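Notes follow once the structure below has been shown.
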Amino acid sequence: MPSDDDLALADDVSGQLIRLLRLMDRRQAQYQAEHPDAVERATYFLLVHLVKGGPQRAGALAEAVHSDPSTISRQVAHLVRLGLVERMADPEDGRATLLTATDEGRRVFEENRRMRIQRFAEMLADWSVADRRKFTELLGRFASAFEDRQRT
């Protein structure tokens, strides 16, 4: 059973995470308002999976992002309309369809990645290298613990 001090510290951590998520949501909403052709975060996440993981069937993509096939279908249709993803016949089973990022989809992914990295580099510029490395380590450890907890 966690002690009162443990619970108080957990409250502080969760409060800071909630604050961060709200700031990120606000920033995302602002970006969407300024860029009418912007892709919403959940849909963009599919593009990320296709760029990094290569062509996939919709069912595998749904499983990878822990979403239901109907949601994935709607989001993929949007990405296809934008020209960021295309459907192609599965070479192993011509009856099946693979989803793949287009050249434009890869360009959009790389541009977004570059801008994100630049923003984070600017935010962390006045942190020591040791602090940045420790933060990366602890954040990764926390994300892994969160992921493990979700599985149980």
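Couple of notes before you dig in:
- Basic side chains Lys and Arg get +1 at the Cβ, acidic Asp and Glu get -1 at the Cβ, and with that the dipole of segment 54-143 about its Cα centre reaches some 240 debye.
- Nearest-ten-degree value, helix 69-81 long axis tilted from longest Cα axis of the chain: 70 degrees
- When the chain is described by a simple charge dipole with +1 on each Lys and Arg Cβ and -1 on each Asp and Glu Cβ, the residue from Ala58, Gly94, Ile117 located farthest towards its positive end is Gly94.
- Segment 15-67 - Debye-derived log10 I(q)/I(0), Cα point model, q = 0.17, 0.29, 0.30 Å⁻¹: -0.69, -1.00, -1.03
- Between helix 129-151 and the chain: long-axis angle, C-alpha atoms, 0 to 90°, nearest 10: 70 degrees
- Helix-only CD estimate at 222 nm, as mean residue ellipticity for the chain, using -39500 (n - 2.57) per DSSP H run (n ≥ 4): -24000 deg cm²/dmol
- Heavy-atom accessible surface of segment 19-151: percent carbon and sulfur, 1.4 Å: 54 percent
- Column: log10 I(q)/I(0), Debye, Cα scatterers of the chain, q = 0.10, 0.21 Å⁻¹: -0.51, -1.40
- Stretchable slack from Asp5 to Asp68, in nm (0.36 nm times residue separation minus alpha-carbon distance): 18.7 nm
- Only Lys, Arg, Asp and Glu carry charge here, each on its Cβ (+1 for the first two, -1 for the last two); on that basis the chain has a dipole of about 380 debye about its Cα centre.
- Nearest-ten-degree value, helix 103-123 long axis tilted from longest Cα axis of the chain: 10 degrees
- When you restrict to C-alpha pairs under 8 Å that are six or more residues apart and normalise by the size of segment 35-152, the relative contact order lands at 22 percent.
- Segment Leu124-Arg57, length gained on full extension (0.36 nm per residue, minus Cα span): 20.3 nm
- Calculated accessible area for the chain comes out at 76 Å² per residue, all protein chains present (probe 1.4 Å; ligands, DNA, RNA ignored).
The values are calculated or read from the model by the stated rules, or taken from the named source; none is laboratory data. Since the model is a prediction, treat every value here as computed from it, not as a measurement. When we count neighbours, we look across all protein chains shown, and the Cβ atoms used for this are built from the backbone with ideal geometry, even at glycine. The area values use the complete protein model at the heavy-atom level, side chains included, leaving out ligands, DNA and RNA. Shrake-Rupley method; radii C 1.70, N 1.55, O 1.52, S 1.80 Å.
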